[in-house]
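Colleague: The structure is given below, and queries will be raised subsequently.
The values are calculated or read from the model by the stated rules, or taken from the named source; none is laboratory data. All values derive from a computational prediction rather than experimental measurement. Don't worry about glycine lacking a Cβ; one is built from the backbone with ideal geometry, like all the others, and counts go over all protein chains shown.
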Amino acid sequence: MLFLTKKIVQTGICTEPAPLPDDALRVEGERIQSKILALLGRALAIRQVDAGSCNGCELEINALNNPFYNLEGCGIKFVASPRHADLLLVTGPVARNMEIAVQRAYEATPAPKLVVAVGDCGCTGGIFGQSYASCGRVGNVIPVDVAVPGCPPPPLEILRGILTAVTPKDQASGLKG
């Protein structure tokens, strides 16, 4: 125990400092919230479905809920049931055991429903592809509106994918400016 305490004192603090506040993100969040309210008239409700992923994408999606990204402050919230959702956020290659569950979640989502496939596995099947145990990409099981590639994609790319899905094609240029 004494050896460990001595080592801790000698080494000191090894972590990096916390990031500084970025007012540009705050302004961006307010702009995103106003656009979502203009498009939907209310908050965007998302149901996240893990169809067989390694949980790398879930960690990045979970990061969207932390105070740094403040997804709730942008007018986007996660819900527990697809019956309350506007958008399905699906991760992972669809395992054969999850095929029916993903289809049921899609059917339970009220129209107009949107689907965003997250990660390389959700977009293409990733390293798993199509096999006896995997249906492959999400698009093989349910229709996909937007695909967000990456292994795993960073939280900002996932947020861009969500915003791309809810923005009509003729208004997509309005999010950039």
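Colleague: Residues in region 9-41 that are at pLDDT 70 or above, surrounded by 10 or more Cβ atoms within 10 Å (Cβ to Cβ) and either hydrophobic (A, V, I, L, M, F, W, C) or in contact with a strand residue (DSSP E or B) (Cβ under 7 Å, 6 or more places away or on another chain) (or both): how many?
Modeller: Quick first cut of region 9-41, residues at pLDDT 70 or above only: 9-17, 31-41.
Then drop every residue that is not surrounded by 10 or more Cβ atoms within 10 Å (Cβ to Cβ), which leaves 31-40.
Applying the additional criterion that residues be either hydrophobic (A, V, I, L, M, F, W, C) or in contact with a strand residue (DSSP E or B) (Cβ under 7 Å, 6 or more places away or on another chain) (or both) yields 32, 36-40.
Result for region 9-41: 6.
Colleague: List, please: which pairs have Cβ atoms under 6 Å, are six or more places apart or on different chains, and start with a residue in region 51-75 that is touching a residue at least 40 places away in the same chain (Cβ under 8 Å) and end with one that is assigned to a helix (DSSP H, G or I) and among the polar types (S, T, N, Q)?
Modeller: Once the first residue is touching a residue at least 40 places away in the same chain (Cβ under 8 Å) and sits in region 51-75, its partners that are assigned to a helix (DSSP H, G or I) and among the polar types (S, T, N, Q) give CYS74/GLN33; GLY75/GLN33.
Colleague: Just for region 57-89: of the residues that are part of a helix (DSSP H, G or I) and in contact with a helix residue (DSSP H, G or I) (Cβ under 7 Å, 6 or more places away or on another chain), which one is surrounded by the fewest Cβ atoms within 10 Å (Cβ to Cβ)? It would help to see each step written out before you state the result.
Modeller: Initially, region 57-89 is screened for residues part of a helix (DSSP H, G or I), giving 57-63, 72-74, 82-84.
After this cut, where a residue has to be in contact with a helix residue (DSSP H, G or I) (Cβ under 7 Å, 6 or more places away or on another chain) as well, the list is 57, 60-61, 63, 73-74, 82-83.
Numbers: CYS57: 27, GLU60: 21, ILE61: 25, ALA63: 16, GLY73: 14, CYS74: 23, PRO82: 21, ARG83: 12.
So, considering only residues that are part of a helix (DSSP H, G or I) and in contact with a helix residue (DSSP H, G or I) (Cβ under 7 Å, 6 or more places away or on another chain), the one surrounded by the fewest Cβ atoms within 10 Å (Cβ to Cβ) is ARG83.
Colleague: Here's a follow-up. Surrounded by 13 or more Cβ atoms within 10 Å (Cβ to Cβ), among the aliphatic types (A, V, I, L, M) and out of contact with any Lys or Arg (no Cβ under 7 Å at 6 or more places or on another chain): does that describe VAL115?
Modeller: On the way: surrounded by 13 or more Cβ atoms within 10 Å (Cβ to Cβ): yes; among the aliphatic types (A, V, I, L, M): yes; out of contact with any Lys or Arg (no Cβ under 7 Å at 6 or more places or on another chain): yes.
Yes; evaluated as a whole, the condition is true for this residue.
Colleague: Here is a further query. Please find, within region 157-167, the residue that is surrounded by the fewest Cβ atoms within 10 Å (Cβ to Cβ) out of those that are of a type outside the set (Gly, Ala, Ser) and under 9 Å from the mean Cα position of the chain (by Cα).
Modeller: Top of the filtered list is GLU157.
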